[in-house]
Amino acid sequence: MRRPRSMWSLETLGRVRLSKHFYMRDFLYSEIGSFHQIRNIPDDPDLAIANGRALCETLLDPLEETFGRIAIRSGYRSADLNRYGNENRLNCARNDNPLECHIWDRDSGQQAIAGTSLVIPWFADQYDRGRDWRDLAWWVHDHLPYSEMWFFPKLAAFNLVWRPRPHRTISSYIAPRGMLLRAGDAPVETQEQRQARYIDFPQFRGIKFP
């Protein structure tokens, strides 16, 4: 698929269904792109779709089917858009940073990557009342084949990353700041301690859909 050049082709791209619950359109909106008038269109739509589909089917669908609606804060970013964000200090990593997860069409094969920043409203309400962000982090760790997670103070939003070979790391800008889990390390809490944190969470994939 060639890079879209018209509203019709962009509309067609937006209608691509990535998984049971998500379409490409869900990930194309960008405040940076909208405000600074930078197009957020993949250079390689086929690759962006393939990696985005893996992210949605593997990680985002199970979240939606457990907690109800999840809110996407920052999804796909084109290389041009992400570069602009980095150069203007708008909280975007360098395009060549191996941890930059928003450019879904950057790499393929074992180097493929796709990520999104999201909020789980069900958990955000509890976080606002003082719940520990690590309750959610350990739930994800015990239930989903994620690669990386980074948690942020506002709304307990977090970056969630898919890779073919997951790194399995957890980091946070919320106290206690830093790395909760490094690649290859065992969790600092036992399985019993982790499960006690989220004993009141909804049943995994407990929402029934037609």
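For n ≥ 4 DSSP H runs only, could you compute -39500 (n - 2.57) per run for the chain, divide by its residues and tell me the 222 nm figure to the nearest 500?
-8500 deg cm²/dmol
State to the nearest 20 debye the size of the charge dipole of the range 7-197 about its Cα centre, where the only charges are +1 on K and R beta carbons and -1 on D and E beta carbons.
260 debye
By count of other Cβ within 10 Å, fewest leading, how are Asp107, Asp96 ordered?
Starting with the residue having the fewest Cβ neighbours, the order is Asp96, Asp107.
Which one, Leu28, Pro202, His141, is farthest towards the positive end of the dipole of the chain when Lys and Arg carry +1 and Asp and Glu -1 on their Cβ?
Leu28
Quick check on packing: order 36-45, 153-162 by the mean number of other C-beta atoms within 10 Å, highest mean leading.
153-162, 36-45
Which shape class, rounded, prolate or oblate, goes with the range 73-169 when its Cα gyration tensor gives a ≥ b ≥ c as root eigenvalues, a/c under 1.5 marks rounded, and past that a/b bigger than b/c marks prolate?
oblate
For a footprinting-style exposure proxy, rank His102, His21 by other Cβ within 10 Å, fewest first.
Lowest count first: His21, His102.
Based on the mean of other Cβ atoms within 10 Å per residue, sort peptides 23-29, 199-205, 135-141 so the most packed one is first.
Packing proxy ranking, top to bottom: 135-141, 23-29, 199-205.
Which stretch or stretches of the range 17-54 have amide N atoms under 20 Å from the point lying 7 Å from Gln111's Cα along the Cα→Cβ direction?
42-54
Read the figures in this text as sums done on the coordinates, not as results from a lab. Here the structure is a predicted model, which is why all the values come from computation and not from measurement. Note that we place each Cβ from the backbone using ideal geometry, even for glycine, and neighbour counts take in every protein chain shown.
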